[in-house]
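Reading through the structure tokens given below for one structure.
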Amino acid sequence: MPTPSHRHCPNHPKGDHGDCAGACGGDGIPVIDLGVLLNGNAEERSQATHELGQACEHWGFFMVINHGVPEALQEEVMEACKELYSLPRDEKAEYIAAGPKDPVRIGTGLFYSDVDDAICRRGYVKMVAHPEFHCPAKPARLRDIAVEYSARTRQLWLELAKVVSESLGLDRGRISEVLNLESCFQILVGNNYPPYAGSDGVMGISAHSDHGLLTLLFQNGVDGLQVKHNGQWITAKPLPGSLFILTGDQLEIVSNGRYKAVLHRALVHGRQTRMSFVSLVGPCLDAVVEPVLELAQNDPQGMKFRGIRYRDYMEHQQSSKMNTKAALDIVRVQGDILTCESTTNNSTEADSSGYSPTS
Ligand SMILES: O=C(O)CCC(=O)C(=O)O
Ligand SMILES: [Fe+2]
């Protein structure tokens, strides 16, 4: 009998899963069943924990099903965002004028990104949701919806962080303890990509990794998110009701490089508006993020990253010219830089280009 999560593996029905972590959707993207992690028997939980670890290690990306975030709430989030995007510009002016350090910021328009040598057509709204909640004043209903969504996704994220910890062979609470996750920093980002049917060189958001620990993402039914896997860009197609989970830079640091922050980007659709909504959660802003000691001690290469305060890491990422995953290089212990996938010297002004997606 397959375990419950094996049921979601249309690509490998005969059980030959390769590196798909034992359960996968289209293109082998791993699928993790939170229901099994919470309510399964010991064996099922241990199998699902292993699968989650494999997903983080080999993909940095997976879908989670039975996650407990109501679909109706996700629809409300999208509807409220749509309302926000269509407000007259002067009703959003203070947020459009805001900088990367402001708790609410709205970005509109076109940016050139030399990371991908592409024009990015992306509007966005960013709101800091935890430890203090902020959001635009209008539309009025946005606040309650976003408060609820941030709380639900934070709860899910805390649960996933425990499983991540366990999958690394640590106590369930270890990562939470070292990164003070009760005081985690959370940002919500709504992305809006108008349709574009023109020729090459236009995309939604260029290749990057997110600076947090884990990012939760869903979209409005229009595909466009791509993740880099084994050197190839794969378009992520969600299973109905699933959420996408992406590993971020802080997870790469804390796991001493065992789990890599996933490179991802978004394409625009030729005829339809694509929208996505991101809940990015990271450590407490004042936590010093460094590899968990036991993991570094058990690694023949030792400590692969120096410690850095999460707040300083984010500032560095947002203020420097950088590409893809280059922000990680400031904490990478010398010698490991050469093994990093992304060290070409394309540069993009985070501030003006919107490259820094969660700034
Ligand atoms: O729109 C997407 O699917 C990706 C968005 C993203 O990567 C981000 O906001 O950090
Ligand atoms: Fe992202």
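Couple of notes before you dig in:
- For residue 31, the residues 5 or more places off, or on other chains, whose built amide H falls under 5 Å of its own are 23, 24, 25, 63.
- Using the 1.4 Å probe convention, the accessible area of the stretch 242-282 works out to 21 Å² per residue with neighbouring protein chains retained.
- Of all DSSP-defined beta bridges confined to the stretch 86-132, some 100% are antiparallel rather than parallel.
- Sorting 214, 239 by solvent-accessible area of protein heavy atoms yields 239, 214, largest first, with a 1.4 Å probe.
- Using heavy atoms of the protein chains and a probe of 1.4 Å, the accessible area assigned to residue 273 is about 60 Å².
- DSSP-assigned coil residues among trypsin sites (Lys or Arg not before Pro) in the stretch 226-296, each with at most 13 further Cβ atoms within 10 Å: 271
- 3J(HN,Hα) from dihedral phi, the stretch 177-184, Karplus parametrisation 6.51/-1.76/1.60, rounded to Hz, x for glycine, proline: 5, 6, 9, 6, 6, 4, 9, 4
- Between residue 86 and residue 235, full extension at 0.36 nm per residue minus the direct alpha carbon distance yields a gain of 50.8 nm.
- Cα convex hull, the stretch 89-227: 145 Å³ per residue, rounded to a whole number.
- By the rule of a C-alpha distance below 20 Å, with chain neighbours fewer than 8 residues away ignored, the lysines paired with residue 101 are 92, 126, 321.
- Of interest is the spacing of the C-alpha centroids, which for the stretch 246-273 and the stretch 195-245 amounts to 9 Å.
- For residue 204, residues with placed amide H under 5 Å, excluding near neighbours: 121, 266, 267, 268
The values are calculated or read from the model by the stated rules, or taken from the named source; none is laboratory data. Everything numeric in this text was worked out from a predicted model, so none of it was measured. Quick reminder, even Gly has a Cβ in these numbers, built from the backbone with ideal geometry, and neighbours come from all protein chains shown. Just so you know, the surface numbers come from the protein's heavy atoms only, side chains and all, with ligands and any DNA or RNA stripped out. Shrake-Rupley method; radii C 1.70, N 1.55, O 1.52, S 1.80 Å.
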